[in-house]
Amino acid sequence: MLKEFNSDTPLDQREDIVVCNQLNKWFGNLHVLKDVSLNVKQGEVVVILGPSGSGKSTFIRTVNGLEEIQKGDITVDGIPLSNDVADIEAIRKETGMVFQSFNLFPHMTILKNITLAPIWVRKWPKAKAEKIAMELLERVGIPEQAHKYPGQLSGGQQQRVAIARALAMQPKIMLFDEPTSALDPEMIKEVLDVIKTLAGSGITMIVVTHEMNFAREVADRIVLFDFGEIIEIGTPSELFDNPKHERTKLFLSQIL
Amino acid sequence: MDKHTLQTNKPQKPSHHRTIEWLKKNLFSSWFNTILTFVFATTITVIVIGSVKWIFLTANWHVISANFRLLIVGQYPVAELWRVWICLTLVSFLIGLSWGLWKGTMGHLTIAVTSLYVIVACLPFVLMETRIWLLINIVVIVATYAVGKNWPKLKKSTLVGWFLMFPVIIFLLNGFGVFNHVGSNLWGGFLLTLLIAIVAIVCSFPIGLLLALGRRSKLPIVRWFSIGYIELIRGVPLITILFVAQLMLPLFLGNGIDIDNVVRAMVGFTLFTAAYLAENIRGGLQSIPRGQFEAAEALGLNATIKMTFIILPQALRAVIPAMVGSFIGIFKDTSLVAIVGLTDLLGMGKNIISNPEFLGTQMEVFIFVALVFLIFCNLMAYASRRIERSLGVGKR
């Protein structure tokens, strides 16, 4: 496990919290990740862009072991990801994940959704877990929904609950897998705003998204994926204003 | 306000007018419908008149009243019947307590059970003793309801009580040295039907759950064992399993151990139900979207917590109708034990018919047996509907 870092330290002097080395993955004959290597510093916000089917979602899901890789190594927070269940669970304790389709537990109230993992994994007393859950709901702006069920909330509200649920475990790393892709346009902003405030709080984040303005605004570095490979990595201004690679230019011309 | 305007805008017609309109619209809208209406009306009238005539004039209900005790508790010795009554009182105790604690669904069930007690107590032929016991039971239900209502902390102890009830009842009925021994060959009638059904239902649930999880396990031995077991049991008729339990179980266990006939039947039913239940539950597990598993895993929940709190509650709720279907099926299938020499409700009915004294009364006996099954199956179906509804909170 890595030491706490000082937020005054410049990014390039911090330690790598996520280390991915030469990841390879196949679905049958389909080579979905080709020698993907990416290191993420403590407190860094990395945004992954790319056309659909380019392997970016698959990549982010390998970081917490939801997808197995066939070749390569991943180290998260100093713990090497192996087939050992204990290692995987230790990594998942430190990585929160937000899904495209929210995946809240429909049979539990919002409060129970958020407190379940802290109570059973972190072994917090119920009162403490509920207090922190309420603070988080306050932070994402929906404390009044605590005793409702997920089905009674709008998509944007559900996604904000999902963010609160992931944060309740007090993870060091947050993974966002297209958090706004399943939302109605008028709800995208409320979720992006929550993620933006989070990005300023010093937590390490890897975000897969199609929201270009958001990427430009929050990212420390942007990674461009295509055909299962990393095409280009750079700061937002390098990548948007001065793309080096032909495929980056093509991708940007298609969406901007 | 809306209601008010609606009412003033639509002046109500006199009710007999509306009835005639309804009849015209629904029964006599065309000449074809008119013919259909008359044909069905005649058929229904003939059937109803025939049944009423038979029930009140032709049928000889003496066969039921004379054999009521046999039909309900079989050959259980009259001198020891108080033990059966104590068992029933225990059940009433727990029912009343649960009613007070959980209200809702339990309330409706309690009312159903209490009305059954009242109806039986009002039957003209039952003994005074029976009436007194039933009255005690009703009093117990009301008293424990009051207790449960005022002490909500008793919930856990009541659940434990429900589980402890089964061994206690078996102990009371058998005696096991403390009371006079009453072998299970003397247990019979509806008592036996209920015992076998309840034991099979309660015991098969955990086994079925494990088999369902086992069939989805990543460990090949566990998976193949579960698949093998489920497919073997499902591929064999229940009767065969009952015969195997009766004849083969003693062989497997050697000479020294003598297992009770009734226990053998219970084991057979439990193993049979477990296989079907496993498939029901697996269906429920299959219906849970992958995202639920992933969300639970991403939070760092281990496999046990993930199953207990996330997957199973959703999966089981989804298959309540199917599970209750299995349970009702097994409740009715208990009548097959007559073939392996036990006298359940139906078996007892057949014994009574073969008694020369009651020659030609099979209609009465079978209708009575059917009625008892009908009442209890409907109670189960009703309970399942209520549970489904009360668990449906917040789910769309």
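Restricting attention to the stretch B:280-291, the residues that are in a helix (DSSP H, G or I) and open to solvent by less than 30 Å² (accessible area, probe 1.4 Å) total 4. Among the residues of the stretch A:138-171, just one is under 30 Å from A:Lys3 (Cβ atoms) and polar (S, T, N, Q), namely A:Gln170. For the condition within 9 Å of chain B (Cβ to nearest Cβ), closer than 19 Å to A:Leu183 by Cα and touching a residue at least 12 places away in the same chain (Cβ under 8 Å), A:Gly155 does not qualify. Just one of the listed residues (B:Trp99, B:Trp54, B:Trp85) is crowded, with 16+ Cβ neighbours inside 10 Å and more than 29 Å from B:Gly183 (Cα to Cα), and it is B:Trp99. Count of the stretch B:29-38 residues, restricted to those that are open to solvent by less than 80 Å² (accessible area, probe 1.4 Å) and either within 42 Å of the chain's Cα centre (by Cα) or not small (Gly, Ala, Ser) (or both), is 4. Among the residues making up the stretch A:112-123, a single one is among the β-branched types (Val, Ile, Thr) and facing another protein chain (nearest Cβ under 9 Å): A:Val121. At least 2 residues being modelled with pLDDT under 95 and within 17 Å of B:Glu279 (Cβ to Cβ) is the threshold, and among the helices (runs of 4 or more DSSP H) wholly inside the stretch B:202-256 those reaching it are B:220-234, B:238-243. Residue-level check: of (1) buried (at least 16 other Cβ atoms within 10 Å of the Cβ); (2) more than 22 Å from B:Ala315 (Cα to Cα), B:Gly235 misses just (1). Scanning the stretch B:292-313 for residues that are part of a helix (DSSP H, G or I) and surrounded by fewer than 22 Cβ atoms within 10 Å (Cβ to Cβ) yields a total of 14.
Per the listing B:Phe309, B:Phe252, B:Phe293, the residue uniquely in the same structural domain as B:Pro321 (by TED's automatic domain parsing), over 30 Å from A:Val161 (Cα atoms) and aromatic (Phe, Trp, Tyr) is B:Phe252. The strands (runs of 3 or more DSSP E) falling completely within the stretch A:1-53 that include 3 or more residues that are of a type outside the set (A, V, I, L, M) and touching a residue at least 40 places away in the same chain (Cβ under 8 Å) map to A:16-27, A:30-41.
Taking the condition within 29 Å of B:Gly189 (Cα to Cα) and touching an Asp or Glu at 6+ places or on another chain (Cβ under 7 Å), does B:Leu247 pass? Criteria not met by B:Leu247. Within the stretch B:119-136, residues that are under 17 Å from B:Trp82 (Cβ atoms) have Cβ atoms under 7 Å from residues that are surrounded by 12 or more Cβ atoms within 10 Å (Cβ to Cβ) and aromatic (Phe, Trp, Tyr) in these pairs: B:Val126/B:Phe68; B:Trp133/B:Trp85; B:Leu134/B:Tyr117, counting only partners at least 6 apart in sequence or on another chain. Residue count for the stretch A:16-41 satisfying the condition of being open to solvent by 10 Å² or more (accessible area, probe 1.4 Å) and either among the β-branched types (Val, Ile, Thr) or under 19 Å from the mean Cα position of the chain (by Cα) (or both): 7.
Taking the options A:Leu66, A:Leu81, A:Leu49, name whichever one is over 28 Å from B:Arg317 (Cβ atoms), within 14 Å of chain B (Cβ to nearest Cβ) and either under 18 Å from the mean Cα position of the chain (by Cα) or open to solvent by 40 Å² or more (accessible area, probe 1.4 Å) (or both). Lay out the reasoning, then the answer.
Values: A:Leu66 fails: over 28 Å from B:Arg317 (Cβ atoms); A:Leu49 fails: within 14 Å of chain B (Cβ to nearest Cβ).
Going through A:Leu66, A:Leu81, A:Leu49 in turn, just one is over 28 Å from B:Arg317 (Cβ atoms), within 14 Å of chain B (Cβ to nearest Cβ) and either under 18 Å from the mean Cα position of the chain (by Cα) or open to solvent by 40 Å² or more (accessible area, probe 1.4 Å) (or both): A:Leu81.
Would you be able to say whether some residue in the stretch B:310-323 is more than 14 Å from chain A (Cβ to nearest Cβ), free of Cβ contacts under 8 Å to residues at least 12 places away in the same chain and of a type in the set (Gly, Ala, Ser)? Within the stretch B:310-323 (the criterion being more than 14 Å from chain A (Cβ to nearest Cβ), free of Cβ contacts under 8 Å to residues at least 12 places away in the same chain and of a type in the set (Gly, Ala, Ser)), the answer is no, since none of the residues qualifies. Restricting attention to the stretch A:90-124, and to residues there that are without any contact (Cβ under 8 Å) to a residue 12 or more places away in the chain and open to solvent by 40 Å² or more (accessible area, probe 1.4 Å), which single residue is nearest to A:Gln152 (Cα to Cα)? Applying the filter and picking the extreme gives A:Lys112. Any residue at all in the stretch B:317-335 that's within 30 Å of A:Pro179 (Cα to Cα) and either open to solvent by 20 Å² or more (accessible area, probe 1.4 Å) or in contact with a Leu (Cβ under 6 Å, 6 or more places away or on another chain) (or both)? Yes, the conditions are met somewhere in the stretch B:317-335.
In the stretch A:93-111, the qualifying residues are those that are facing chain B (nearest Cβ under 9 Å) and part of a helix (DSSP H, G or I), and the one that is nearest to B:Gly300 (Cα to Cα) is A:Lys93.
Residues of the stretch B:260-307 being more than 14 Å from every other protein chain (Cβ to nearest Cβ) and of a type in the set (S, T, N, Q), which ones?
Within the stretch B:260-307, B:Asn261, B:Thr270, B:Thr273, B:Asn280, B:Gln286 meet the criteria.
Within the stretch B:344-394, the only residue that satisfies the criterion of being without any contact (Cβ under 8 Å) to a residue 12 or more places away in the chain, within 14 Å of another protein chain (Cβ to nearest Cβ) and surrounded by 13 or more Cβ atoms within 10 Å (Cβ to Cβ) is B:Gly394.
For A:Lys128, all conditions in the list (1) more than 20 Å from B:Thr304 (Cβ to Cβ); (2) within 13 Å of chain B (Cβ to nearest Cβ) hold save one; what is the number of the exception? Unmet for A:Lys128, out of (1) more than 20 Å from B:Thr304 (Cβ to Cβ); (2) within 13 Å of chain B (Cβ to nearest Cβ): (2).
The values are calculated or read from the model by the stated rules, or taken from the named source; none is laboratory data. Quick caveat: nothing in here was measured; it's all calculated off a predicted structure. A quick note on method: Cβ atoms are made from the backbone with ideal geometry, for glycine too, and the neighbour counts reach across all protein chains shown. When the accessible area is computed, the model is the full protein with side chains, heavy atoms only, and any ligands, DNA or RNA have been set aside. Shrake-Rupley method; radii C 1.70, N 1.55, O 1.52, S 1.80 Å.
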